[in-house]
Amino acid sequence: MENKQGNLSINSENLFPIIKKWLYSDHDIFYRELISNGCDAVTKLHKLAGMGEVTIPEGKKERVVVVVDEKEHTIRVIDTGIGMTFEEVDEYINQIAFSGATAFIEKYKDKTSDDQIIGHFGLGFYSAFMVADQVTIDTLSCQEGAAPVHWTCNGGTEYSMEEGARTEVGTEITLYLNEDSYEFSHEYRAREIIEKYCSFMPVEIYLFTTEAWEKQMEREATEVVEPEAAEAAETVEAEEAAENVEGGESAEEDKEEEEEKKEPEPQSLSDTNPLWAKHPNDCTEEEYKEFYRKVFHDYKEPLFWIHLNMDYPFNLKGILYFPKINNEYESAEGTIKLYNNRVFIADNIKEVIPEFLLLLKGVIDCPDLPLNVSRSALQNDGFVKKISDYITKKVADKLNALCNTERESYEKYWEDIHPFIKYGCLKDEKFYDRVKESLLFRDLSAKYLTLKDLNEMPSHMEDDPAAPKEEGKETPLKEVITVGYVTDEVQQSQYIKMYQDAGMNAVVLPSNLDSPFITMLEQKNEKLHFQRIDADVTGDLRAADEAVPQETTDTLTEIFRKALDREDLAVKVENLKDEGIASMLTLSEESRRMQEMLKMYGISDMGQDTPATLVLNTRNPLVRYILENREGEHTEMFCKQVYDLAAISHEPMKADAMAEFVRRSNEIMLLLTK
């Protein structure tokens, strides 16, 4: 073999793909590229052996080994794969951007249907120069009579290539790290990166320090013994065991002692048969749960899962898990891991995964996606849009199936998954259309109602502000179904009791998502209108007495405005059925939603007090006392207490207001002791 030196061939048309591929990549990605190249080399050798093209020696291990040396700042990536000849190194390495996979597939296209080979070498190999000042390759091809090759390059365009000393078929790449990249030769850092990118590659992957690798090589060398020697060793062991028994010694104890002295077997960092690659019918419930614990380190069991398994019109496999996400969507910690042919690409790429699904946890493997994704390119990629739509449809199908066939279980899941479903409906109109029949609403008696149930509630006629008005004619009317709702069952318990005593029902909407969600439902269901139960006093809550005299309303308004020092206080006086309720605060639905919208944009009430109306019940003894003793010694204190009692049931009080309420409550109780 002649030695060769020269300049790497970088054609102008190949320069841009290099920049595009690596400009925005994290430097740790070189581990993924070199290891995946090694896995491809092993896979190629296995395929060629299956075709009868090459013979693999008995006992040869199919693996990729990473050896790190923290002292020398080196990394070695060793594979037992196909290897390369002098000509192949010259072609695949020295001519950057030539794809070895293309040539391999073309040569064997009639013998194999697997077109997912990334390519042993090519651009991925040059990722090594992101972290290394110098890189060497030692390789021996599986071709009969091939000579080993040693290649070295210092990171520029100059290289040297000569006959090497490697004796085993395969390839070893050595990286001499630059000063800024020493961290990558630390064992813990290497393990972290390999587990991130390479946990499910189809070839076993091992990590060693230099010292541990040397011991492992010695151990493997001693394991290769002739059959006669192995048989003789077994005979000796049997005789020694018999002597130990005769001498009263325990052979079992000796055996256990020997086992303890043995070095533990190295463990592969790669699960070569991930659960998502199996057919759903071949997976057990426990396997799904164990996979979830292993990948996401979450020991709370998932609620349920979806196994994606599609071969046409594109190849996509994966598992999506529904964890408990009853916290608000802003703080939900979902993780969707995206893979290309078992090679990790990234977490949570919303161009591929619908944004609302990022609340879930799962893995998706799509070999048709590029290994290095450019989000700007994906945004306009029709193929990516089809993947996103498919995933959305499968999730909707699963939810509908649960609702229709496992309703009891679905209702149990609802409190955990409703934020995710509502968020999905808000973000994706198609998703809403697919799952609208499976939307649930829990009522005050803990019964679950569907959107259809709500639409079949008794309706009434009211003014239609959106309808065109004709001069001289009354405002047009529209048929409306008003659905009462509560946001906090504890805080609004006073209103809930009034509702239930009056034989009325309401639904519970506790999430911050619910305000925009019900607004969307109203837009899509013209008859439907949602109103919090403290938005107004309906006729069913009033006693069947005569109307409150205007004089009473005026007097109480004056008393409370003076006591609270609020001239703008809106007061409404009612005869409520429940005499035990002294007061309420009501806020129109329109005002409430405006407030919530402002809060979403970080604007809190625009510096104004809540425009709520104080409702006073003239059938309550305390209100009547205030009315009859407007100049009494304790009237002002009672007015403030009545107002605060209403405020507590309306919304959380501010700290200073709550402190004053508690102080005043103590003062009122002291009056009873006098």
- [ ] Take the residues in the range 172-197 that are under 24 Å from L140 (Cβ atoms) and in contact with a helix residue (DSSP H, G or I) (Cβ under 8 Å, 6 or more places away or on another chain), then tell me which one is surrounded by the most Cβ atoms within 10 Å (Cβ to Cβ).
- [x] L175
- [ ] Looking only at the range 608-640, count how many residues are outside any loop (DSSP other than H, G, I, E, B) and either within 19 Å of N575 (Cβ to Cβ) or open to solvent by less than 20 Å² (accessible area, probe 1.4 Å) (or both).
- [x] 15
Open item on the list: Anything in the range 38-59 that is acidic (D, E) and either under 20 Å from V77 (Cβ atoms) or touching a helix residue (DSSP H, G or I) at 6+ places or on another chain (Cβ under 7 Å) (or both)? List them, or say none.
Closed with: D40
- [ ] Kindly provide the set of residues from the range 621-674 that are closer than 18 Å to S493 by Cα and out of contact with any helix residue (DSSP H, G or I) (no Cβ under 7 Å at 6 or more places or on another chain), ordered by number.
- [x] L645, A646, A647, I648, H650, E651, P652
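Yes/no matrix, rows are residues, columns are (1) in contact with a helix residue (DSSP H, G or I) (Cβ under 6 Å, 6 or more places away or on another chain); (2) closer than 28 Å to P57 by Cβ; (3) at pLDDT 90 or above:
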{"position": "K107", "(1), (2), (3)": "no, yes, no"}
{"position": "Y126", "(1), (2), (3)": "no, no, no"}
{"position": "S141", "(1), (2), (3)": "no, yes, yes"}
{"position": "A147", "(1), (2), (3)": "no, yes, yes"}
{"position": "E158", "(1), (2), (3)": "no, no, no"}
{"position": "A165", "(1), (2), (3)": "no, yes, yes"}
Task: Residue list for the range 141-173, filter: out of contact with any strand residue (DSSP E or B) (no Cβ under 6 Å at 6 or more places or on another chain) and of a type in the set (V, I, T) - done: T167
TODO: Filter the strands (runs of 3 or more DSSP E) completely within the range 157-227 down to those with at least 2 residues that are farther than 17 Å from F125 by Cα.
DONE: 158-163, 204-209
Task: Answer from L528, L513, L521 - the residue that is at pLDDT below 90, open to solvent by less than 80 Å² (accessible area, probe 1.4 Å) and aliphatic (A, V, I, L, M) - done: L513
Task: Filtered residue count, the range 545-598, keeping only those that are surrounded by fewer than 16 Cβ atoms within 10 Å (Cβ to Cβ) and assigned to a strand (DSSP E or B) - done: 1
Open item on the list: Looking only at the range 531-544, count every residue that is exposed (fewer than 14 other Cβ atoms within 10 Å of the Cβ) and more than 23 Å from P611 (Cα to Cα) and tell me the total.
Closed with: 2
TODO: Return the total of residues in the range 399-415 being more than 16 Å from R434 (Cα to Cα) and open to solvent by 20 Å² or more (accessible area, probe 1.4 Å).
DONE: 9
- [ ] Determine, yes or no, whether V662 is open to solvent by less than 90 Å² (accessible area, probe 1.4 Å) and assigned to a helix (DSSP H, G or I).
- [x] yes
Open item on the list: Going residue by residue through the range 278-299, is there one that turns out to be part of a loop (DSSP other than H, G, I, E, B), within 21 Å of I391 (Cα to Cα), at pLDDT 90 or above and open to solvent by 30 Å² or more (accessible area, probe 1.4 Å)?
Closed with: yes
Open item on the list: Take N273 and tell me if it is at pLDDT 90 or above and surrounded by fewer than 17 Cβ atoms within 10 Å (Cβ to Cβ).
Closed with: yes
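This table checks each residue for (1) under 21 Å from M520 (Cα atoms); (2) aromatic (F, W, Y); (3) modelled with pLDDT of 95 or more.
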position	(1), (2), (3)
N400	yes, no, yes
K422	yes, no, no
S445	no, no, no
A466	yes, no, no
K469	no, no, no
V480	yes, no, no
S493	no, no, no
TODO: Give the number of residues within the range 130-147 that are within 16 Å of R76 (Cβ to Cβ) and of a type outside the set (D, E, K, R).
DONE: 8
Open item on the list: Against the condition closer than 22 Å to A502 by Cβ and modelled with pLDDT of 90 or more, how does N629 come out, does it pass?
Closed with: no
- [ ] Exactly one condition in (1) open to solvent by 70 Å² or more (accessible area, probe 1.4 Å); (2) modelled with pLDDT of 90 or more; (3) under 33 Å from the mean Cα position of the chain (by Cα) is not met by Y485; state its number.
- [x] (1)
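The values are calculated or read from the model by the stated rules, or taken from the named source; none is laboratory data. A quick note: this is a predicted structure, and the numbers were derived from the prediction, not measured. As a convention, Cβ positions derive from the backbone with ideal geometry for all residues, glycine included, and neighbour counts pool all protein chains shown. The area values use the complete protein model at the heavy-atom level, side chains included, leaving out ligands, DNA and RNA. Shrake-Rupley method; radii C 1.70, N 1.55, O 1.52, S 1.80 Å.
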